[in-house]
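To start, the structure under review is shown below, and the notes come after it.
The values are calculated or read from the model by the stated rules, or taken from the named source; none is laboratory data. Bear in mind that the values here come from a model prediction, so they are computed numbers and not experimental data. Every residue, glycine as well, gets a Cβ built from its backbone with ideal geometry; the counts of neighbours run over all protein chains shown.
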Amino acid sequence: MTALRLWVWPVLLAAAAIMASCGGGSSHNNSMAPIVTSGSNVQPIVVNSGPANNYANGLFTTVTICVPSTSTCQDIGGVLVDTGSYGLRLLSSAGGGMLTLSLPSQTTGSSQVGECAAFVTGYTWGPVHSADIKISGEMASNVPVQVIDPTFAAVPPDCKSGGVPEDDSLQALGANGILGVGPYAQDCGGACTETGTTNPGLYYGCSGTTCQVIAESLTEQVQNPVALFPTDNNGLIIELPAVSEPAPSLNGSMVFGIGTQSNNSVGSVSVFPLNSNGEFSTTFKGQTYPSFVDSGSNALFFLDAATTGLTVCSDNSGFYCPAAAANFSATTFSSASKTNISFTVANADSLFSNRADYVFNTLAGPNAGTFDWGLPFFFGRDVYTAIESRTTPVGSGPFWAY
Amino acid sequence: MAPAANKSARKIYFMLGVSVLSWLLCRLPCYAALGGDLSSVRDDQARIHASLQVSQTSAYSVHELRSSTGQVIREYAAPSGNIFAVTWHGPWAPDLRQLLGSHFMQFQQAMQSSSRAAHGPLVMQQGNLVVELGGHMRDFMGRAYLSDQLPTGVRAEEIR
């Protein structure tokens, strides 16, 4: 498996590079810079249907995890690359995932530490373990990661109070794990280090099947591994080619570090620092809305049918189904920058009708009062994600830039 | 005789069961927001240790709860005191068991059977109950409302 994967990537990337240089369909918007494919800080990424063969616009990669300070390792493919979350979560083989490597558990006293990690439409539950994480030539040592495990202690009632389902299977997750490389270093932050009622209750100490909320220090929390790389640790750039029509797959690169190497120097970009909510602003038809950039969102999710004039699909209220493709323009802005974004919304039912396609640049859906610039936003754009309090040549994180 | 005694004992157990159940049912709406009344706002305020700010339009009042951890919850009340909408925004996932009150089960069941093709926000409509979830890790936002209980002239887009 490993040998095959190592052999396949350079060939695919070389093919993509040749196609691009021949004008074969892929192009790259900002300054037409070619996608970086070589360097010890460059990791291949791909948009395809994922390991469950059920994901539209899913951005995936392979990570190598090792028992800390050993050469006992496992490659895990089909891990979702998510700039909307923080830290590595791997689906256990008990949940249908690839992870079989036995990693040391994080403990508190005699209890095992478990985590309830909330996502918008689901949650992941399972123990916290430690691993060395290798991605490209970079390595983060002894990193707390979550193992998503349906056989772990009983899910605490508070973990279910969001009413959303548990994502504990390959089918539900659509991935063998989630690599959270967003603009924060931990998945919780200061609030989880507190005791008492202000603790939001993400981390638990579990004895047997019973779990109770614990205070978890910043360094024990599940961590964005990029922030723990010895170098190139201030953020990353996601580079994907432009897409003009639906396709089965799309290759690109994830480049670690911002302005730390010759291959990640900052070109002419607009910088969008995050406010205290982790957002910046987007204006549309004269109104201003909160917005964010999220490679883990699989469409452009924005506003509602009444505001956009777009019909929501009758068979899936998560997407828009206009009778004819519609063009839009919005402006993202911050105190530092202002950038116009043009995009097209097509009928999701029509897009999905060709069962071979999984890359959709015109897939969009409703998101009342908000702009979620999901994966189609990344096509043809170098998107920079800078981690909180880390310095870069264009200012300190957290910010997005493009 | 024996069957009759059994019957009355069963009746007593039944009545006991009913009163325990109604006590439990009363406990739930006591801190339920959506579909509840204004007294639930105070209960929510106490539960999340929040400051409370009230604003008024001609059609409804908005009760904004702001917790020290950055959670903002707005509860929209009709002149009758009936809460017809709630919104939330903050770093943690919302406690919808609390915010949706008696509608929570309906939402939870609908979620179990909803399509998961969209990886992002979610719009769920079931009868008069509309629930929208959005955001991402460390930044959650959304709203829920009862579409048949919006005061006359109030559009869903106003609920933020």
*Some residue of segment A:71-92 being surrounded by fewer than 23 Cβ atoms within 10 Å (Cβ to Cβ), more than 14 Å from chain B (Cβ to nearest Cβ) and not in a strand (DSSP E or B)*: yes
*Just checking, how many residues over segment B:88-103 are touching a residue at least 12 places away in the same chain (Cβ under 8 Å), facing chain A (nearest Cβ under 9 Å) and closer than 16 Å to B:MET124 by Cβ?*
4
*Restricting attention to segment A:319-334, does a residue exist that is at pLDDT below 95, under 28 Å from A:ASN277 (Cα atoms) and more than 13 Å from chain B (Cβ to nearest Cβ)?*
yes
*asked:* For segment A:205-220, give me each residue that is in contact with a helix residue (DSSP H, G or I) (Cβ under 8 Å, 6 or more places away or on another chain) and crowded, with 23+ Cβ neighbours inside 10 Å.
replied: A:GLU216
*Which one is nearest to the other protein chains (Cβ to nearest Cβ) among residues in segment A:261-316 that are of a type in the set (Ser, Thr, Tyr) and buried (at least 20 other Cβ atoms within 10 Å of the Cβ)?*
A:SER297
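Restricting attention to segment A:352-375, which residues are buried (at least 21 other Cβ atoms within 10 Å of the Cβ) and more than 11 Å from chain B (Cβ to nearest Cβ)? So that I can check it myself, show each step before the final result.
Of the residues in segment A:352-375, the ones buried (at least 21 other Cβ atoms within 10 Å of the Cβ) are A:358-375.
Answer for segment A:352-375, where residues must be buried (at least 21 other Cβ atoms within 10 Å of the Cβ) and more than 11 Å from chain B (Cβ to nearest Cβ): A:TYR358, A:VAL359, A:PHE360, A:ASN361, A:THR362.
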*asked:* Please determine whether any residue of segment A:382-396 is surrounded by 21 or more Cβ atoms within 10 Å (Cβ to Cβ), touching a Lys or Arg at 6+ places or on another chain (Cβ under 9 Å) and either closer than 19 Å to A:GLY84 by Cα or at pLDDT 95 or above (or both).
replied: no
*With respect to the numbered conditions (1) buried (at least 18 other Cβ atoms within 10 Å of the Cβ); (2) more than 13 Å from chain A (Cβ to nearest Cβ), which one is the sole condition not fulfilled by B:GLU64?*
(1)
*asked:* If A:ALA175 satisfies all but one of (1) in contact with a strand residue (DSSP E or B) (Cβ under 6 Å, 6 or more places away or on another chain); (2) within 18 Å of A:TYR123 (Cα to Cα); (3) without any contact (Cβ under 8 Å) to a residue 60 or more places away in the chain, what's the number of the condition it fails?
replied: (3)
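Tell me the residue from B:PHE107, B:PHE84 that is touching a residue at least 24 places away in the same chain (Cβ under 8 Å) and facing chain A (nearest Cβ under 7 Å), please.
B:PHE107
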*Identify all residues within segment A:342-372 that are without any contact (Cβ under 8 Å) to a residue 40 or more places away in the chain and under 22 Å from A:PHE399 (Cα atoms); write none if there are none.*
A:SER342
*Conditions: (1) modelled with pLDDT under 95; (2) more than 8 Å from chain A (Cβ to nearest Cβ). B:LEU150 meets all but one. Number of the miss?*
(1)
*Filtered residues of segment A:167-181 (kept if touching a Pro at 6+ places or on another chain (Cβ under 8 Å) and either among the polar types (S, T, N, Q) or more than 10 Å from every other protein chain (Cβ to nearest Cβ) (or both))*: A:ASP168, A:SER169, A:LEU170, A:ASN176, A:LEU179, A:VAL181
